[in-house]
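Notes follow once the structure below has been shown.
The values are calculated or read from the model by the stated rules, or taken from the named source; none is laboratory data. Values in this document were obtained by computation on a predicted structure and should not be read as measured data. Neighbour counts run over all protein chains shown; Cβ positions are idealised from the backbone, glycine included. Surface accessibility is based on the protein's heavy atoms, side chains included, excluding ligands, DNA and RNA. Shrake-Rupley method; radii C 1.70, N 1.55, O 1.52, S 1.80 Å.
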Amino acid sequence: MLQGDLPERDLTAFVLPEIGRLHGTGEWWTPYQLLGSSGAVVEPVQVFFTELQAEDKPASTIRSYGMDLLRWWRFLWALDIEWNRATRTDARDFSRWMHVANKPQRLHWRHRKAGYTAETAPQTVRKKIAGTPNAITGKPSPGPRYAARTRAHCETVLRTFYDSHLAEGTGPIINPFPLGRYRPTVPKRAPRRIPDEMFNALFAALRHHRDRALLAFWVSHAARAEELLTSRQRDALPGEQLLGVVRKGTHAYQQVPCSADAFVWLRLYQEENRRDGVPQGKALPLWWTLRRPWRPLKYDAARAMFNRANDLLGSNWTLHDLRHTAAYRMARDPKVSLTDVQWVLAHAHLSTTQIYLQAGNDEVIETIRAHHARRSAAAQRPSVPAPGYRPESLRTLFGESR
């Protein structure tokens, strides 16, 4: 029987079972493991994770790949398909299912521990309509279905996974995910900066010197949010206005210039730390939690802090928007070269940096509004008679309306 002759599945109402999980071990040698329903490690995925680590991929990348593989494995488990017997029909149906399926609702760990389900969990925040634009930022909230970018990432991960096993002779002889066939079209996204007045409002909504220092650094040195959190206490050089960070892709250490205001807020935060008893040491992290027991500040906690400020304003900016904002300010300054901006952003290609030369949405809107205002004013302006014609003679011929 040909592959195209296989009976077509109706997966319209198909829901992935919540079996298996991606387990973070906290160990460098094996940072993540994909576990089955019985708690056993899924060996083909573990071999792939080992290859990724050997290719110098960070643990965050392994986790990202693992979430996509967990979704695929749950699909295979639900349909009783062995991973190495998956066909292109299975890959096609999985791609179609991701296009129409609703994303699973995530439960807070406290609700999950208390035995709640997605339907019975109490609503602690005002429920927002998924996919609607925010009234302040214009950015739509995440929709109920998988975004094209998510589906494209998943397709890349699964194709790479099967290519890896195909090269080792341990998988199917044909990759179920052929290059480009089931990959969705991903719309290009322009960088979204935070207007100055909105950034000032966000900054004013913060309650702690630590949070003010973080935002001041993010919006001045354009490093990624997680890169700033890698800084140690010895990396802050206020006299030179430099802060050392570890770059995400290359893991290289780089000193980036920052604003003087950022170091002022950092100094206030450091004084609070000394008074409160936060651990001190040049090799220790620069950023800590605000309450005992003292722990280094992680990305999820920093994002939660930023989201609390968003909630006060009713906005939905992201930490990455701060990087876009800093890059936009630099790129639009005629006295800063684009290659300098590329160095600060640690972009491998100048073409990536060039996207920050585009005007922001708010600037384009104001420019077009001014254009319409000029045309309206020109239409209402009385016409001037050509030289040699007397205005009273034209009024006699054509009337006052002319």
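Remark: Arg381 matches the filter, which requires a residue to be farther than 30 Å from Ile136 by Cα and either under 37 Å from the mean Cα position of the chain (by Cα) or open to solvent by 80 Å² or more (accessible area, probe 1.4 Å) (or both). One residue stands out in the stretch 193-211 among those that are farther than 23 Å from Ile355 by Cα and among the hydrophobic types (A, V, I, L, M, F, W, C): the one that is surrounded by the fewest Cβ atoms within 10 Å (Cβ to Cβ), namely Ala204.
Scanning the stretch 349-373 for residues that are open to solvent by 70 Å² or more (accessible area, probe 1.4 Å) and either touching a residue at least 40 places away in the same chain (Cβ under 8 Å) or more than 39 Å from the chain's Cα centre (by Cα) (or both) yields Gln358, Asn361. Remark: pairs (first residue in the stretch 174-194, farther than 19 Å from Leu69 by Cα; second residue part of a loop (DSSP other than H, G, I, E, B) and among the polar types (S, T, N, Q); Cβ separation under 7 Å; 6+ apart in sequence or on different chains) = Ala190/Gln358. Going by the conditions given, is Leu312 assigned to a helix (DSSP H, G or I) and at pLDDT 95 or above? No: the conditions fail for Leu312.
Could you please find all residues in the stretch 189-199 being part of a loop (DSSP other than H, G, I, E, B), more than 14 Å from the chain's Cα centre (by Cα) and of a type outside the set (Val, Ile, Thr)? Passing the criteria: only Pro195.
Residue-level check: of (1) closer than 28 Å to Thr250 by Cβ; (2) open to solvent by 60 Å² or more (accessible area, probe 1.4 Å); (3) not polar (S, T, N, Q), Pro285 misses just (2).
Of the residues making up the stretch 275-311, those that are hydrophobic (A, V, I, L, M, F, W, C) and closer than 20 Å to Val219 by Cα are Leu286, Trp287, Trp288, Leu297, Ala301, Ala302, Ala304, Met305, Phe306, Ala309.
Looking across Ala118, Ala101, Ala91, Ala114, one residue alone is small (Gly, Ala, Ser), at pLDDT below 65 and surrounded by 11 or more Cβ atoms within 10 Å (Cβ to Cβ). It is Ala118. The set of residues in the stretch 139-150 that are outside any loop (DSSP other than H, G, I, E, B) and under 15 Å from the mean Cα position of the chain (by Cα) comprises Pro140, Ala148, Arg149, Thr150. Can you confirm whether the stretch 312-326 contains a residue that is within 27 Å of Lys139 (Cα to Cα) and open to solvent by 80 Å² or more (accessible area, probe 1.4 Å)? Yes, the conditions are met somewhere in the stretch 312-326. When both residues are 6+ apart or on different chains and their Cβ atoms are under 7 Å apart, which pairs have a first residue that lies in the stretch 290-313 and is within 25 Å of Arg275 (Cα to Cα), and a second that is surrounded by fewer than 13 Cβ atoms within 10 Å (Cβ to Cβ)? Hits for this filter: Trp294/Pro279. Number of residues in the stretch 272-282 that are among the basic types (Lys, Arg) and either surrounded by 14 or more Cβ atoms within 10 Å (Cβ to Cβ) or free of Cβ contacts under 8 Å to residues at least 40 places away in the same chain (or both): the value is 2.
Cβ-Cβ distances below 8 Å connect the following pairs, each with a first residue in the stretch 76-88 that is within 15 Å of Leu11 (Cβ to Cβ), a second residue that is open to solvent by 50 Å² or more (accessible area, probe 1.4 Å) and not in a helix (DSSP H, G or I), and a separation of six or more residues or different chains: Leu76/Glu82; Trp77/Ile19; Trp77/Ser37; Leu79/Arg9.
Within the span defined as the stretch 254-270, one or more residues are within 24 Å of the chain's Cα centre (by Cα), surrounded by fewer than 16 Cβ atoms within 10 Å (Cβ to Cβ) and assigned to a strand (DSSP E or B). For the stretch 169-192, a residue qualifies if it is open to solvent by 40 Å² or more (accessible area, probe 1.4 Å), modelled with pLDDT of 90 or more and not β-branched (Val, Ile, Thr), and the qualifying residues are Gly169, Leu179, Arg181, Tyr182, Arg183.
Would you confirm whether any residue within the stretch 334-348 is over 30 Å from Glu272 (Cα atoms), open to solvent by 100 Å² or more (accessible area, probe 1.4 Å) and among the β-branched types (Val, Ile, Thr)? Checking the stretch 334-348: not a single residue is over 30 Å from Glu272 (Cα atoms), open to solvent by 100 Å² or more (accessible area, probe 1.4 Å) and among the β-branched types (Val, Ile, Thr). Checked against the criterion of being open to solvent by less than 10 Å² (accessible area, probe 1.4 Å), part of a helix (DSSP H, G or I), among the hydrophobic types (A, V, I, L, M, F, W, C) and modelled with pLDDT of 95 or more, the stretch 76-88 contains one or more residues that satisfy it. Within the stretch 25-62, the set of residues being open to solvent by 40 Å² or more (accessible area, probe 1.4 Å), of a type outside the set (S, T, N, Q) and under 24 Å from Thr250 (Cα atoms) comprises Gly26, Glu27, Trp28, Trp29, Tyr32, Val47, Glu51, Ala54, Glu55, Asp56, Lys57, Ala59.
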